[in-house]
1. Assuming 0.36 nm per residue, please report the length gained on full extension of the stretch D332 to E32 beyond their Cα-Cα distance.
2. On the Cα set of the chain, report Rg and Dmax in Å, please.
3. Subtract the Cα-Cα distance of A222 and Q261 from 0.36 nm times their separation in residues, and report this length gain in nm to one decimal.
4. Order by neighbour count: H284, H121, fewest other Cβ atoms within 10 Å first, most last.
5. Fewest first, what order do T69, T6 take by the number of other Cβ atoms within 10 Å?
6. Could you give me the percent of Cα pairs per 10 Å distance bin for the range 7-87, shortest bin first, beginning at zero and ending with the bin that holds the maximum distance?
7. Work out, step by step, the length gained on full extension between V39 and R325: first 0.36 nm times the residue separation, then minus their alpha carbon distance; give nm to one decimal.
8. Could you please rank S262, S337, placing first whichever residue has the fewest other Cβ atoms within 10 Å of its Cβ?
Amino acid sequence: MADTPTPAEYGQAAAAFLAEHAPRVGDDAAREAYGIDTVKGQKALLKSFYEAGFSGITWPKEYGGQGLTDEHQLAFNQAANGYETPNIFGIAQGMFGPTLMGMGTEEQKLEWIPKMINGDHVWCQLFSEPGAGSDVAGLRTRAERDGDEWVINGQKVWTSGAQRADYGALIARTDPSVPKHNGISMFIVDMRDPGVTVRPLKQATGEAPFNEVFLDNVRLPADAIVGEENAGWAAAVLMLRNERISIGTGARRTTRPLSYQSISAFAKKVGRTEDPIVRDRLAHLYSIDTAGTLLSTRMRQEVDAGIELRARGSIAKLAGSAISRQAIDVADEVGGSELISWDRQGNEPAELNYPDTTYGVVGAPGGGIAGGTNEIQRGIIGERVLGLAKDPQLDREIPFNELRAMIAPPPTR
Ligand SMILES: Cc1cc2nc3c(=O)[nH]c(=O)nc-3n(C[C@H](O)[C@H](O)[C@H](O)COP(=O)(O)OP(=O)(O)OC[C@H]3O[C@@H](n4cnc5c(N)ncnc54)[C@H](O)[C@@H]3O)c2cc1C
């Protein structure tokens, strides 16, 4: 390849590379051979992409990226259609990486960012707590300074991928004597620290993709803090914004769990494509799925062109979860009670087993909760895109300590 290939040359090189070095979608033997369902296999696959110049395509060269354009990324994506690509690096590459690029020190960027794209590190997001999900600023996990170190104590929940993560981006309370948004800091946590306990949480799909995480006297070096002490809310907002954009604009890179493609394949399999109602619903799904993908693509192009989506990122996320909800209804129209038959292990006869569709139906509602619920996204759009009245926030100016006392007064005896 020339020093700076054209997007077309880059796409051709990617196609040639992928044909040799990536498993094709649906090729179970190749999946097995590449260990695609294992962390080791995923890391090895990303490393091979990186070494061939196909990872961190638009990321700056000084942090290990290729420093190329969105057109190069598009050319790669097109070449990668039909291949399995590494999929456990989303929190690193779509959420924390961009946050660190915006708020980290130069040392932190040089230390962490290359390992997000070369397959060394998988990351998780340690934000939500049992009493702090939508109101994440109400978190109780404490970070206290002890000499040169920070000592972390608390509990997180719904932590996707914590069971396989090397590092986590944590937000914790560093000053409880000020209003809740003003006393939070962001930290980098080694998930292998003996003070970190990860307990899986099983969801309706039968899998345990997320976890409870307990942090007991986890000691972090002073330079584990991201941004200024007590200024972590800004870092958290940036990461949440990156999360919404990453989820909302991801449809260009991957397909939704429940898409027109998967449901129409399912309709063919169960012989329902002659039914006029099914045809009507499939045409409707195709239309909104296509519109959603175009919206995602357009917004991703804006991001890659350096145009800040800011709160508009919520629109694509909300659209994606609305499409998924409608896709559930279409899948139900097509499959009805047959969708109940589901066996990921393949012990059921194939004609009674529709794992992808059923998995999508059971898993898709989570898309309207993860990364901020639909209600929260609508609040953001109303307030920050449309300029409508803010929700009343009575606790905004009250020191966190006092707030806690007001909500849960100590026992009088
Ligand atoms: C698949 C999945 C993956 C996740 N992964 C992670 C992860 O990796 N890391 C992480 O930190 N968290 C993760 N989460 C947690 C997620 O961010 C929270 O579940 C979400 O923010 C909602 O918080 P909650 O569950 O505490 O619900 P609550 O905040 O208790 O909300 C309950 C209901 O009240 C509504 N509500 C709350 N506040 C308002 C308001 N101001 N206006 C209107 N309605 C409101 C909500 O919309 C919701 O319907 C994940 C969640 C899911 C489903």
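The numbers here are math on the coordinates, done by the rules we state, and not lab data. Bear in mind that the values here come from a model prediction, so they are computed numbers and not experimental data. Note that each Cβ is placed from the backbone with ideal geometry, even for glycine, and that neighbours are counted across all protein chains shown.
1. Extra length from D332 to E32 when fully extended: 104.8 nm.
2. When restricted to Cα atoms, the chain yields Rg and Dmax of 22.5, 78 Å.
3. This chain segment gains 9.1 nm when fully extended.
4. Ranking H284, H121 by Cβ neighbours within 10 Å, fewest first, gives H284, H121.
5. The most exposed by this proxy come first: T6, T69.
6. Going out from 0 Å in 10 Å bins, the range 7-87 shows 20, 51, 26, 4 percent.
7. Going from the current span to full extension adds 99.9 nm.
8. S337, S262
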